[in-house]
Amino acid sequence: MNNLLNKMNAKTTFSNGYTASVLYFPETDEYEVAVMVGDRVVYDTPITEDIIRCETLQQAWDVVGQIMMLPERGKDETVS
């Protein structure tokens, strides 16, 4: 985990080509989860069109599980 500007970040890449990025903000005890491909956040998945704000660690884990279960991203799909 990286700790920069009073936040912690963890990233996990799955075999489907997606990465789950979880930011934790200790001052508010909240999490943000983003769906990524490579180093870019993607907004075109069935999970979300934006970054997801979670109030609990369990909510963040649930979103990460959804990212892990996404169908494989096609190699021809562009990242915008």
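Against the definition (open to solvent by less than 90 Å² (accessible area, probe 1.4 Å), within 10 Å of the chain's Cα centre (by Cα), modelled with pLDDT of 95 or more and β-branched (Val, Ile, Thr)), how does Thr19 come out, yes or no? Answer is yes for this residue. Residues of the range 37-57 that are assigned to a helix (DSSP H, G or I) and under 12 Å from the mean Cα position of the chain (by Cα): none at all. Does Ala34 meet the test of being within 16 Å of Thr13 (Cα to Cα), open to solvent by less than 30 Å² (accessible area, probe 1.4 Å), at pLDDT 95 or above and not in a strand (DSSP E or B)? For Ala34, the condition - within 16 Å of Thr13 (Cα to Cα), open to solvent by less than 30 Å² (accessible area, probe 1.4 Å), at pLDDT 95 or above and not in a strand (DSSP E or B) - is not met. Please enumerate the residues belonging to the range 58-70 that are open to solvent by 90 Å² or more (accessible area, probe 1.4 Å) and either at pLDDT below 95 or assigned to a helix (DSSP H, G or I) (or both). Gln58, Trp61, Gln66, Met68, listed by residue number.
The values are calculated or read from the model by the stated rules, or taken from the named source; none is laboratory data. Fair warning: this is a prediction, and the values are worked out from it, not measured in the lab. To get the accessible areas, we keep the full protein, side chains included, count just its heavy atoms, and leave off ligands, DNA and RNA. Shrake-Rupley method; radii C 1.70, N 1.55, O 1.52, S 1.80 Å.
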